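Student: First, the structure itself, so that you have it in front of you.
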Amino acid sequence: MRFFHDCLPRDGAAKIISLISHITLLNEEKEPNALSLIKDAAFAIIAGDCMGAYKLYHDCAMKLLLSPARRVSGDMFMDHLIWLAVEREHAFAKSSARGELDEALLMSFRSDLAALGELASLDWHDIYRMCAERYRELQAKSRYARDDISVMSSAAWTGTEPRPKPQQKDVPLPGDAAAPLPPPSESEWLSWSYGEKEPRGEYAADEVLEEIYIRLMESPDWRGMAEDLFNLFASSGSGIFLKTRLLKCAGGTLGLAAARHEAVALSVQDNAKQALGERIIAFMRGSRPLPVLIHGPKAIGKTELALSMADEFPELRAVIIEPMAGADVHRLFERLSAQPLRFMLLIENADAYSPLWSPLLCACTGGGLPDNVLPVATGTSASGMEEFVVKIAMDKLELDAFVNTVKELVEAQAPYLQADMGWIRNASVDYQLDAHDELNIPAAKLIAQRYMAEHE
């Protein structure tokens with residue numbers, strides 16, 4: 001559909017207003033937003049306020065630049081429309097994530113998709129063209145109004161009956177203070193296009209999202225995508241859950257966790273990893289979630305071990321938890337239980353901050369734990385953590401195990417280097433004597449970095 005590419009300016013502007021006004025379920029609540037600004041620009045075009053339209057267009061461009069939309073299409077406006085339908089957590093997405101196909105929501109969703117699909121054919125040059133042509137229309141009407149006055153004046157002198165053509169009384173004459181200003185030249189309008197037509201960044205649900213993006217960009221009618229989007233939300237979740245396998249929760253609010261380096265598989269963690277993996281496999285297969293406690297010395301890799309599970313199981317989402325009140329815990333559980341995914345709640349240093357953790361620990365070990373949420377706590381001791389049914393111990397690193405850990409880190413990060421076990425052992429002994437501290441994973445990483453720096 002190429003309506004906007006060859007329409008008359010008033011018709012095109014009216015079409016924009018009609019389509020955006022039609023959107024209900026997928027409309028952004030907070031204004032001004034990108035669509036509301038484009039609609040206001042269309043009103044300005046109809047009114048002949050070309051400079052006003054230009055200002056509103058650039059306000060819209062700023063919203064598009066700051067939009068949370070993922071860069072997928074090469075066009076900021078198209079990206080924003082896709083975000084409204086796919087990535088924004090609207091009512092249809094939430095309902096679908098719960099596995100509920102609400103017919104009323106589906107009907108509204110299809111209608112909104114149809115409007116977005118038509119708007120998707122609009123590009124920045126169409127706005128400029130409509131504005132420029134509208135200005136020329138008004139200029140022509142102004143000239144015609146002047147010519148009509150000349151006809152009437154001539155008739156008065158000759159005594160003939162004037163026959164002026166109809167004219168709009170509100171059209172200002174040239175030179176009038178109210179005459180419309182011409183729009184800036186095309187080169188002064190910020191383009192929506194940015195080049196690359198491919199998804200930027202990596203999302204957890206990319207395996208299905210990329211096909212959705214392609215079909216939306218290529219289809220002139222988005223209504224037929226409603227069922228496909230239902231299946232997406234019902235299998236991969238909605239909103240933020242489409243984006244990442246690693247989340248954080250502070251004050252009951254979910255957000256993206258900071259990016260982390262991929263954990264290196266260490267043989268010293270094999271037993272603990274196997275035990276945790278068995279519990280997660282049972283959980284993923286539908287078994288009742290039994291709270292897990294990983295305990296052992298500080299900095300032994302307990303958190304890394306737990307987080308590595310999110311990489312091992314693509315359907316699993318890890319949520320790093322901060323202490324929270326009981327109401328926040330309830331709100332978090334409510335939100336997670338409404339998703340089709342399974343979650344591992346990571347509670348770090350639970351024994352050290354037990355009073356702060358109390359509301360969460362009680363919720364995790366009581367009867368209100370959702371079936372799709374598995375609590376995994378870390379601590380230095382199992383004492384006082386009897387409610388955690390499954391306990392996985394990680395022992396402190398002895399010298400031989402520590403040396404082998406350094407070797408594994410070097411081989412993982414610099415496979416082109418041959419590890420000198422004598423050098424590593426001597427460096428490990430020196431560290432233990434100098435630091436007067438337990439041998440742990442951060443120390444192993446430090447020595448591995450020193451080795452690579454010296455031998456590269």
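Student: Give me the extension gain from residue 66 to residue 211: residue separation times 0.36 nm, minus the current Cα-Cα distance, reported in nm with one decimal. Walk me through the numbers on the way to the answer.
Tutor: Numbers: separation 145, 0.36 × 145 = 52.20 nm, distance 2.50 nm.
Going from the current span to full extension adds 49.7 nm.
Student: What's the Kirkwood radius of the chain in Å, using all Cα pairs?
Tutor: Working: mean 1/r = 0.0371 Å⁻¹.
Radius from the Kirkwood sum: 26.9 Å.
Student: Label point 7 Å out from residue 393 along Cα-to-Cβ: which residues of region 279-294 have amide N under 20 Å?
Tutor: Taking a point 7 Å out along Cα→Cβ of residue 393, the residues of region 279-294 whose backbone N falls under 20 Å are 279, 291-294.
Student: Once a ≥ b ≥ c are taken as the square roots of the eigenvalues of the Cα gyration tensor of region 399-455, is the result rounded (a/c under 1.5), prolate (a/b larger than b/c) or oblate (a/b not larger than b/c)?
Tutor: Working: a/c = 1.83, a/b = 1.72, b/c = 1.07.
It is prolate, given that a/c is not under 1.5 and a/b is the larger ratio.
Student: Using amide H atoms built in the peptide plane, which far-off residues or other-chain residues are under 5 Å from residue 374 H to H?
Tutor: Amide H to amide H, under 5 Å and 5 or more residues apart or across chains, residue 374 pairs with 343, 344, 345.
Student: Continuing with this model, one more query. Which value in nm describes the separation of the simple spin-label points at residue 5 and residue 354, placed 7 Å from the Cα toward the beta carbon?
Tutor: Taking the simple label geometry, residue 5 and residue 354 are separated by 7.1 nm.
Student: Residue 312 to residue 219: FRET efficiency via 1/(1 + (r/R0)^6), r the Cβ-Cβ distance, R0 30 Å, to the nearest 0.05? Write down the numbers at each step before the final one.
Tutor: Numbers: r = 36 Å, r/R0 = 1.21.
For R0 = 30 Å, the calculated efficiency reads 0.25.
Student: Over the chain, what is the percentage of antiparallel beta bridges among all DSSP beta bridges, to the nearest 5? Write out the running numbers ahead of the final one.
Tutor: Details: 5 of 28 bridges.
Restricted to the chain, the bridges split so that about 20 percent are antiparallel.
Student: So, one more: Order the peptides 71-81, 390-400 from the highest to the lowest mean number of other Cβ atoms within 10 Å of their residues.
Tutor: On the way: 71-81: 22.8, 390-400: 15.5.
For the peptides 71-81, 390-400, the packing ranking is 71-81, 390-400.
Student: Sticking with this structure for a sec: Gain in length, residue 24 to residue 426, computed as 0.36 nm per residue apart minus the alpha-carbon separation, to one decimal in nm? Present the calculation step by step, with values, prior to reporting the outcome.
Tutor: Values: separation 402, 0.36 × 402 = 144.72 nm, distance 6.91 nm.
137.8 nm is the gain from fully extending residue 24 to residue 426.
Student: Now for a separate question. Quickly rank 322-333, 254-265, 421-432 as a protection proxy: mean count of other C-beta atoms within 10 Å, highest first. Spell out each step's value before the answer.
Tutor: Numbers: 322-333: 17.2, 254-265: 12.3, 421-432: 15.5.
Averaged packing, sorted descending, gives the order 322-333, 421-432, 254-265.
Student: Cα centroids of region 69-89 and region 181-225: how far apart, whole angstrom?
Tutor: Computed from Cα coordinates, the inter-centre distance equals 6 Å.
Student: Report, please, the projected area of region 1-135 averaged over directions, based on the convex hull of its C-alpha atoms, in nm². Don't skip to the answer; put the middle values down first.
Tutor: Working: hull surface 32.0 nm².
For region 1-135, the mean projected area of the Cα convex hull comes to 8.0 nm².
Student: Rounded, prolate or oblate: which one fits region 247-393, using the alpha carbon gyration tensor with axes a ≥ b ≥ c (rounded when a/c is under 1.5, else prolate when a/b beats b/c, else oblate)? It would help to have the intermediate numbers written out before the result.
Tutor: Details: a/c = 1.38, a/b = 1.19, b/c = 1.16.
Judged from the Cα gyration tensor, region 247-393 comes out rounded (a/c under 1.5).
Student: Next question. For Cα pairs less than 8 Å apart in space and 6+ apart in sequence, what is the mean separation divided by the residue count of the chain, i.e. the relative contact order in percent? Kindly include the intermediate steps, with their values, before the conclusion.
Tutor: Values: 655 pairs, mean separation 67.2, N = 456.
RCO, the chain: 15 percent.
Student: Just the C-alpha atoms of region 355-403: what Rg/Rh do they give, with Rh taken as the Kirkwood radius?
Tutor: Values: Rg = 14.6 Å, Rh = 13.1 Å.
With Rh from the inverse mean 1/r over Cα pairs, Rg/Rh is 1.11.
Student: Another question, if that's okay. Output the peptides 34-43, 201-210 sorted from most to least packed, where packing is the average of other Cβ atoms within 10 Å over each peptide's residues.
Tutor: Numbers: 34-43: 23.0, 201-210: 15.2.
Answer by packing, highest mean first, reads 34-43, 201-210.
Student: While we're here: Treating region 57-137 as a set of equal point scatterers at the Cα positions, no solvent, please give the Debye-formula log₁₀ I(q)/I(0) at q = 0.11, 0.20, 0.23, 0.25 Å⁻¹.
Tutor: The Cα Debye sum returns log10 ratios of -0.40, -0.96, -1.11, -1.19.
Student: With respect to the cross-link table entries 94/248; 15/243; 197/445, which display a Cα-Cα separation exceeding 30 Å? Provide the component values of the computation, followed by the final result.
Tutor: Details: 94/248 20 Å; 15/243 34 Å; 197/445 40 Å.
In this structure, 15/243; 197/445 exceed 30 Å between Cα atoms.
Coordinate-derived values only; no laboratory data. All values derive from a computational prediction rather than experimental measurement. Virtual Cβ from ideal backbone geometry, glycine too; neighbours counted across all protein chains shown.
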